[in-house]
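Below is one structure; the comments refer to it alone.
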Amino acid sequence: MDQPLLELRNVSREFKVGGGLGLFSRRIIKAVDAVSFSMPSKPWITALIGESGSGKTTIARMILGLLPPTSGEILYRGRKVSEWIKKNKMEYYREVQPIFQDPYSIYNPFYRVDRVLEIAIKKFKLASSREEARGLIIKAMEDIGLRPEDLLGRYPHQLSGGERQRFMLTRILLIKPRLIVADEPISMIDVSLRAIFLDHLLSFKEKHGISCLYISHDLHTASYLADNIVILCYGRIVEEGPKNHVIEDPLHPYTKLLISSIPIPDPKRRWIDKIDLRSVESLRKFRMEKGCVFSARCPYVMEKCLSETPQLKSISLERKVACHLY
Ligand code: SF4
């Protein structure tokens, strides 16, 4: 088997919270709990789907080397991320690039937006002269559908959220990494521009061989973009499989709940099932410390679910689920 591009092996991350009123008020929260999944070396898009508070941003930060795991290993091309960062940080970031939810935080408000691209060119030695750098910037902007004459020379606050995020795509196109870690990348983009943004991620994969870990709460966009889907609930993976299988035949009760919340564009049918986003939202209040993390909300809960944590196991060649029903 090919060496995976990215591999998470039993990765957990704990945080200490509280403590303001004394030692005993401190508690440990497991934001990510024994997570394992991998992405193949061929160009590929994996969607990591979970509600807010499910641990997906913590996973992104660990892959990017911004936060160490409490236990477990994250390997990029067979080597631990911590080793990459220690030995050759620049090489790692040449290959693994983030796209964050809020592109504004990447920009320095006192500098023109061009600087974000110029710094990338300088840092990764992408051009040998100013003229060459300018040519690369203009070409990359045009490829993303931005008009250099309208945007270069402007300050971050003069750009819309969508323009700032597409500027980030321009930066990706200049660097041409092997993997993008995109954490809720379209949540601050106008709805009308979201499909264009996702099409760019698809064309990066198809034309430039750039893989993407697409992190989102939105199964709808994941079903458009991804090759496979990983479902996260309270820091644990509950289901994983090829996109079509997970969307058309969800196995885990939590995945079923998420899918029942996707609107169907058919005027004769209101929704597939009762939309209950509040109940999805309220899941956060019901995290179970023992047994299955979903047991407080699961319609199929059994006695065993309250005491035994279901492990993620293969139920066919490509599908995995963590539920005592299987
Ligand atoms: Fe429901 Fe039990 Fe499966 Fe958890 S393990 S999802 S509680 S049936």
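For the range 163-220, the relative contact order comes to 47 percent (Cα pairs under 8 Å, sequence separation of at least 6). Rounded to the nearest 10 square angstrom, D249 shows an accessible area of 80 square angstrom against a 1.4 Å probe.
Our summary gives the chain a relative contact order of 19 percent, counting only alpha carbon pairs under 8 angstrom and 6 or more residues apart.
Calculated over the chain, the projected area of the Cα convex hull averaged across directions stands at 20.0 nm².
Counting only DSSP beta bridges with both residues in the chain, what percent are antiparallel, rounded to the nearest 5? The antiparallel proportion sits near 60 percent. Within the shell of other residues whose beta carbon sits under 10 angstrom from the beta carbon of P103, the net charge comes to +1, with Lys and Arg scored +1 and Asp and Glu -1. For the chain, the solvent-accessible area with a 1.4 angstrom probe is 52 square angstrom per residue. Which of the residue pairs K243/K320; K89/K176; K243/K313; K80/K320 have a Cα-Cα distance greater than 20 Å in the structure shown? K80/K320, as the Cα separations exceed 20 Å there. Taking other residues whose beta carbon is less than 10 angstrom from the beta carbon of D33, and scoring Lys, Arg as +1 and Asp, Glu as -1, yields +2. Roughly speaking, to the nearest percent, how much of the chain's 1.4 Å accessible area is carbon and sulfur? Solvent-exposed carbon and sulfur of the chain make up 52 percent of the total. Note on the range 83-212: dipole from Cβ charges, positive end direction compared against F197, V96, G162; the farthest Cα belongs to V96. Pairing the Cα long axis of helix 161-175 with the longest principal axis of the chain, what angle in degrees results, from 0 to 90 and rounded to the nearest 10? It works out to around 70 degrees. Highest average first, the peptides 185-195, 94-104, 168-178 ordered by how many other beta carbon atoms sit within 10 Å of their residues are 168-178, 94-104, 185-195. The string of couplings for the range 73-90 from the Karplus curve (6.51, -1.76, 1.60, θ = phi - 60°) is 10, 10, 10, 10, 6, x, 10, 4, 4, 4, 6, 3, 5, 5, 8, 8, 4, 5 Hz, one whole number per residue in order, with x for Gly and Pro. Of H200, H208, the residue with the largest accessible area leads and the full order is H208, H200 (1.4 Å probe).
The values are calculated or read from the model by the stated rules, or taken from the named source; none is laboratory data. All values reported here derive from a predicted model rather than from experimental measurement. Positions of Cβ are backbone-derived with ideal geometry, glycine not excepted, and every protein chain shown enters the neighbour counts. The protein model used for the area step is the full one, side chains on, heavy atoms only, and it has no ligands, DNA or RNA in it. Shrake-Rupley method; radii C 1.70, N 1.55, O 1.52, S 1.80 Å.
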